[in-house]
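Below is one structure, written out as structure tokens; the observations come after it.
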Amino acid sequence: YEVVEGQTFDDYLARRSAQTRYLIGRRTRKLERTGRGRFVLVTGGPDLEMALAEYERVDARSWKPPEPFPRFIPAIARVAARAGVLRLGLLYVDDEPAAAQIWIVSGGKATILRLSYDQAFGKLAVGTVLTRELMRHVIDVDKVREVDIGRGDDPYKSKWFGQRRERWGILAFNRRTAKGWLAAARHL
């Protein structure tokens, strides 16, 4: 995560390593020079269902394993839109959805719920470009205090975010019941 309170996007970017700044800038300029990219931000309204369909299309073509509960992300996006906290970013290349991200902005905090890009557009670094656009928006427009990348320790996250939190969980099974033993066996 990163505390960005009182900063502009340019301030935030200046705190990244020179290598990261160069990489983000180079990839953004490369796509801009082609004239093929277009950023769209959806927060709700009549464009939401089409944006969700585009998100699902990108997610299906990404490197990520499919969601175990496929209706979860669209359902939470709809609830977030009704609450006015959804930031669904889409990056199009040649009018094809190439990258999609779902962020929730609430209580001064932006949390990245899910991000994906279509592997066919990987050489254009569409994920990097879309993350840059959404970071700029939540810092400069939404004026959040903190941005949280969510769970996972993927190496790219440390380039964008300078701080790290560990989350711990506890699993408990009642071994006095057949259901408890079955759940424990399935987990182990």
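The values are calculated or read from the model by the stated rules, or taken from the named source; none is laboratory data. Predicted, not measured: the structure shown is a model, and the values here were computed from it. Counting neighbours? That spans all protein chains shown, and the Cβs are built from the backbone with ideal geometry, glycine included. Accessible surface is based on the protein model in full, side chains and every heavy atom, while ligands, DNA and RNA are left aside. Shrake-Rupley method; radii C 1.70, N 1.55, O 1.52, S 1.80 Å.
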Note to self: What are the pairs with Cβ atoms under 7 angstrom where one residue, in segment 31-43, is touching a residue at least 24 places away in the same chain (Cβ under 8 Å) and the other, located anywhere, is open to solvent by 60 Å² or more (accessible area, probe 1.4 Å)? Sequence gap at least six, or different chains.
What the structure shows: 36/94
Notebook entry, point to check: What number of residues in segment 122-148 are part of a loop (DSSP other than H, G, I, E, B) and surrounded by fewer than 20 Cβ atoms within 10 Å (Cβ to Cβ)?
Noted result: 3
Notebook entry, point to check: List, please: which pairs have Cβ atoms under 9 Å, are six or more places apart or on different chains, and start with a residue in segment 81-92 that is more than 17 Å from residue 139 (Cβ to Cβ) and end with one that is polar (S, T, N, Q) and in a strand (DSSP E or B)?
Noted result: 83/106; 84/106; 88/101; 90/101; 91/101
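Just a yes or no: is a residue in segment 90-109 among the acidic types (Asp, Glu), over 30 Å from residue 5 (Cβ atoms) and in a strand (DSSP E or B)?
yes
The rows are residues; the columns are (1) touching a helix residue (DSSP H, G or I) at 6+ places or on another chain (Cβ under 8 Å); (2) open to solvent by 60 Å² or more (accessible area, probe 1.4 Å); (3) at pLDDT 90 or above.
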residue: 3; (1), (2), (3): no, yes, yes
residue: 6; (1), (2), (3): no, yes, yes
residue: 10; (1), (2), (3): no, yes, yes
residue: 67; (1), (2), (3): yes, no, no
residue: 72; (1), (2), (3): no, yes, yes
residue: 78; (1), (2), (3): yes, yes, yes
Checklist line | Matching option when the condition is of a type in the set (A, V, I, L, M, F, W, C) and at positive phi, among 98, 75, 125, 51 | finding: 125
Check: What are the residue pairs meeting all of these: first residue in segment 56-76, first residue closer than 19 Å to residue 90 by Cβ, second residue hydroxyl-bearing (Ser, Thr, Tyr) and surrounded by 12 or more Cβ atoms within 10 Å (Cβ to Cβ), Cβ atoms under 7 Å, and 6 or more apart or on different chains?
Finding: 58/116; 58/117; 59/116; 62/116; 62/117; 64/116
Next item on the list: Please specify each residue of segment 134-162 satisfying the condition of being touching a strand residue (DSSP E or B) at 6+ places or on another chain (Cβ under 6 Å) and either at pLDDT 90 or above or over 24 Å from residue 28 (Cα atoms) (or both).
Entry: 134, 138, 142, 144, 146, 147
Checklist line | Sole residue being open to solvent by less than 70 Å² (accessible area, probe 1.4 Å), closer than 18 Å to residue 48 by Cβ, touching a residue at least 24 places away in the same chain (Cβ under 8 Å) and β-branched (Val, Ile, Thr), chosen from 112, 102 | finding: 102
Notebook entry, point to check: Only one of these conditions is not met by residue 24: (1) out of contact with any helix residue (DSSP H, G or I) (no Cβ under 7 Å at 6 or more places or on another chain); (2) within 24 Å of residue 3 (Cβ to Cβ). Which number is it?
Noted result: (1)
